[in-house]
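Asker: Have a look at the structure that comes next, please.
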Amino acid sequence: MKIKHASLRWIESDLPYSRQFGDLYYSREDELGESRHVFLEANQLHQRWQRAADSNIPFTIAEIGFGSALNFLLTWQLWRSSACKPVGLHYIAFEKYPFSRADLKKVQHRWPALAEFSRALQVVYPDHSGGCHRLLLDDRLILDLHLGDARTQLQNHNAAIGQIDAWYLDGFNPQLNPELWQRKLLQLIAAASKPGATVSTYSAAGAVRRQLQAAGFEVEKTAGFGRKRHMLVATRSAANKHREQSSGAIESSPSWSTYPAALAGDAQAIIIGAGLAGCSMAYSLARRGWRVSVIDQAASPASGTSGIAQFALRCRIFQNDSPLSRFFLQAYLFSRRQYSQLTASSPLAFHDCGVLQLQSAMNKQQPLDWQKLHRLYPSEVIQTLAPADASLLANTKLEDGAYYFPGGGWLDPTLLCSSYLDHPNISLHSGRAVHALDLRDSLWQASDADGQLLASAAVAVIANSHDATRFSPTAWLPLQTVRGQATSIGSSRFSASLASVVCGQRTVFPCVDNHHTLSASYRPQDSDLSISEADNQQNVQGAQACFREADYLDEEFQEARVALRCSSSDYLPVVGQVPDVGAMQEQFSELRLNARAQVNSGGSYHPGLYLSVAHGSNGLATCPLSSEFLASLINGEALPIDQAMSAALNPARFIIRDLKKQR
């Protein structure tokens, strides 16, 4: 998941030259004018936005070759200055060799007219890990930055098929960068395009024109910029799309994990649950203009597990590249960016003090191999530290060496939920328990124990942890409860200066208001909410074992809190559209006879019903990206996770597994 940076040579001190491709990134003369002409004007963005000013569908631009971000910055500037435009802008960019953050700052210093946009991008710019990085910039502007091979990323994100309005093909010339102009990639570009989508490129080469035509575009040679006489523009027509499909150029067979198209409706949703999953879900929809009703049985938000005073943010680590390792990394990085942005605009405070995971407390049966981790993760995500170095960061003597998450930290989840809900499109209905959720006249109706209607909408999201099994469409889910007790103790004259979150047998948080939070005990299948003195003792003992001084912590209890985590039978989040169990079992019954059978059919799902539960102890890292994924799915947008990740989280995975096991 590491990424290789662009190898640059600087000409005239600030003009970037690619060592990988042997060429300049842009013209020596008026690169801003050239970019506007070749991409913004050739794709007629201003005129098309004016014509689509009443559209409630975001306008989607995709770029091959993000490079210095010049095209994106100019597009953002035009978007900001346009009075008439669609409801949102979704910019999807692909870059195999991204600039380092330092190089990006250096090159963008050339463009003072774009300084405001450059600074905002630099704050959130990811330059060290591959995959899709969702960046939330202006209120209605999303940048999905895919770092890695464009062909691979497009193939993996086949859920973006038919969603792109305009393409910037900003690669180096075909002789220097032939991969960009291969037929297979251009066919993927065509498949991802809407009818009427446009393409523009500096290149006017005959080979490029022929490849675009073969992929189903109508191509025109037009005036280039400055000394360059010609460039190409192209349009994707419905007739060409039909011709390409009939030739079998791009075909994607549906599977059980293929979701149906998003519903067209009035942009209203019900969310059941006001913990991290529900509140982040409400925020993601509200940012898109949806009116959201959040219903929770407790008197205030974050009253379950999310109500513990301090939560740690760190990345769940794997030893091999897989859809799961990529999801947890992308989720962690997205959460880190979002919490920093909320800290700047709300009462939330994300304390980026780093997290130290003591090596002695790791799973002894599955020890981590640092060499594998080093090959997979960049140092910005995880480092291994000797005891002395770990102790220096923690500002105390630790018992062992540690895995260090430099981007990790902690926050108050109650403040986080309040920050999420502080949006004019969100209404909170506390103290109301939903006992039934039924589909009537194409609306999901949430009712209380007396059958009284609490709310109704075409879209509903179940985000109420283990109570999701209360409702008939989700009663079958293999969820389990895990009792956890967190303990608060006073700070000692030693512990008051603890500088990082320390995770050992227990997690010890830095001092706040003269106390430390210690979390947490772990008791699967236990739903007892009473305080256990034995758990308090074990929490203190486990916390004290992290430190070399025997009296480092004050052992006097101040208070304790018990909450029930929710996990699934495979210990992964359950996020996606809710499947129709009976229909899926019948549709994929062939798997009972042959577990390897290929059933080329999309799954059967309840229309407008979605789920986000079982985040377990990783919710601070996984809830925000899960909510963005669902909001994109609900809103009919390109998704921030690929098809394999989506399938790994899909609630229907349990149905398919049971069929294959003949259950």
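Asker: Would it be correct to say that ALA486 is assigned to a strand (DSSP E or B), within 30 Å of ALA261 (Cα to Cα) and touching a residue at least 40 places away in the same chain (Cβ under 8 Å)?
Answerer: Against the criterion (assigned to a strand (DSSP E or B), within 30 Å of ALA261 (Cα to Cα) and touching a residue at least 40 places away in the same chain (Cβ under 8 Å)), ALA486 does not qualify.
Asker: Oh, and also: Exactly one condition in (1) touching a residue at least 12 places away in the same chain (Cβ under 8 Å); (2) of a type in the set (Val, Ile, Thr); (3) closer than 23 Å to LEU333 by Cβ is false for THR152; which is it?
Answerer: Against the list (1) touching a residue at least 12 places away in the same chain (Cβ under 8 Å); (2) of a type in the set (Val, Ile, Thr); (3) closer than 23 Å to LEU333 by Cβ, THR152 comes up short only on (1).
Asker: How many residues are touching a residue at least 60 places away in the same chain (Cβ under 8 Å) and touching a Phe, Trp or Tyr at 6+ places or on another chain (Cβ under 8 Å) if we restrict to region 80-105?
Answerer: Selection size over region 80-105: 4.
Asker: Every residue in region 362-407 that is at pLDDT 95 or above, in contact with a Gly (Cβ under 8 Å, 6 or more places away or on another chain) and crowded, with 18+ Cβ neighbours inside 10 Å, please.
Answerer: Scanning region 362-407 gives VAL381, LEU385, ALA390, LEU393, TYR404, PHE405, GLY407.
Asker: What is the number of the single condition among (1) within 23 Å of ASP400 (Cβ to Cβ); (2) within 28 Å of the chain's Cα centre (by Cα) that LEU479 does not meet?
Answerer: Going through the list (1) within 23 Å of ASP400 (Cβ to Cβ); (2) within 28 Å of the chain's Cα centre (by Cα), LEU479 breaks only (1).
Asker: Please determine whether any residue of region 43-52 is buried (at least 24 other Cβ atoms within 10 Å of the Cβ) and part of a helix (DSSP H, G or I).
Answerer: Yes, some residue in region 43-52 is buried (at least 24 other Cβ atoms within 10 Å of the Cβ) and part of a helix (DSSP H, G or I).
Asker: Of these, ALA204, ALA166, ALA190, ALA197, which one is farther than 27 Å from LEU329 by Cβ, in contact with a His (Cβ under 8 Å, 6 or more places away or on another chain) and hydrophobic (A, V, I, L, M, F, W, C)?
Answerer: ALA204
Asker: On to the next question. Is it fair to say ARG326 is surrounded by fewer than 21 Cβ atoms within 10 Å (Cβ to Cβ), closer than 19 Å to SER626 by Cβ and either polar (S, T, N, Q) or not assigned by TED's automatic domain parsing to the domain that holds GLU559 (or both)?
Answerer: Details: surrounded by fewer than 21 Cβ atoms within 10 Å (Cβ to Cβ): no; closer than 19 Å to SER626 by Cβ: yes; either polar (S, T, N, Q) or not assigned by TED's automatic domain parsing to the domain that holds GLU559 (or both): yes.
So ARG326 fails the test.
Asker: If you take the residues in region 95-129 that are among the basic types (Lys, Arg) and part of a helix (DSSP H, G or I), which one is surrounded by the fewest Cβ atoms within 10 Å (Cβ to Cβ)?
Answerer: Selected residue: ARG119.
Asker: I need the full set of residues from region 557-615 which are in a helix (DSSP H, G or I), of a type in the set (Asp, Glu) and out of contact with any Ser or Thr (no Cβ under 9 Å at 6 or more places or on another chain), in order please.
Answerer: GLU590
Asker: For region 617-639, enumerate the residues that are under 14 Å from PHE328 (Cβ atoms), in contact with a strand residue (DSSP E or B) (Cβ under 9 Å, 6 or more places away or on another chain) and modelled with pLDDT of 95 or more.
Answerer: Correct list: GLY619, LEU620, ALA621, THR622, CYS623, LEU625, SER626, PHE629.
Asker: Return the pairs, sorted by first residue and then second, in which the second residue is assigned to a helix (DSSP H, G or I) and surrounded by 14 or more Cβ atoms within 10 Å (Cβ to Cβ), the first residue lies in region 512-541 and is hydroxyl-bearing (Ser, Thr, Tyr), the beta carbons are less than 8 Å apart, and the residues are 6+ apart or on different chains.
Answerer: SER519/ASN539; SER521/ASP535; SER521/GLN538; SER521/ASN539
Asker: Could you check region 148-171 and list, in sequence order, the residues that are in a helix (DSSP H, G or I) and at pLDDT 85 or above?
Answerer: ALA150, ARG151, THR152, GLN153, LEU154, GLN155, ASN156
Asker: Moving on to the next point. Return the pairs, sorted by first residue and then second, in which the second residue is assigned to a helix (DSSP H, G or I) and crowded, with 24+ Cβ neighbours inside 10 Å, the first residue lies in region 455-471 and is touching a residue at least 12 places away in the same chain (Cβ under 8 Å) and of a type in the set (Gly, Ala, Ser), the beta carbons are less than 6 Å apart, and the residues are 6+ apart or on different chains.
Answerer: ALA463/ALA277; ALA463/GLY278; ALA463/MET281
Asker: Here are the criteria: (1) exposed (fewer than 14 other Cβ atoms within 10 Å of the Cβ); (2) assigned to a helix (DSSP H, G or I). Tell me which single one ASN536 does not satisfy.
Answerer: All conditions are met except number (1).
Asker: Right, next: Look at GLU628 and say whether it is buried (at least 24 other Cβ atoms within 10 Å of the Cβ) and acidic (Asp, Glu).
Answerer: Details: buried (at least 24 other Cβ atoms within 10 Å of the Cβ): yes; acidic (Asp, Glu): yes.
It is true that GLU628 is buried (at least 24 other Cβ atoms within 10 Å of the Cβ) and acidic (Asp, Glu).
Asker: Also, I was wondering about something else. Of the residues PHE494, PHE509, which single one is touching a Ser or Thr at 6+ places or on another chain (Cβ under 6 Å) and either surrounded by 15 or more Cβ atoms within 10 Å (Cβ to Cβ) or among the aliphatic types (A, V, I, L, M) (or both)?
Answerer: Only one candidate passes the filter, namely PHE509.
Asker: Quick one: in region 445-476, which of the residues that are within 28 Å of VAL562 (Cβ to Cβ) and among the aliphatic types (A, V, I, L, M) is farthest from the chain's Cα centre (by Cα)?
Answerer: Selected residue: ALA449.
Asker: A further question follows. Answer yes or no as to whether LEU454 is within 23 Å of SER632 (Cα to Cα) and in a strand (DSSP E or B).
Answerer: No; evaluated as a whole, the condition is false for this residue.
Asker: Can you spot a residue in region 328-337 that is in a loop (DSSP other than H, G, I, E, B) and over 21 Å from GLN643 (Cα atoms)? Give the derivation first.
Answerer: Within region 328-337, the subset in a loop (DSSP other than H, G, I, E, B) is none.
No, region 328-337 has no match at all.
Asker: Also, quick follow-up: Tell me which residues, restricted to region 337-352, are buried (at least 19 other Cβ atoms within 10 Å of the Cβ) and farther than 16 Å from HIS615 by Cβ.
Answerer: ARG337, LEU342, LEU348, PHE350, HIS351
The values are calculated or read from the model by the stated rules, or taken from the named source; none is laboratory data. What you see is a predicted model, and the numbers here were worked out from it, not measured in a lab. Positions of Cβ are backbone-derived with ideal geometry, glycine not excepted, and every protein chain shown enters the neighbour counts.
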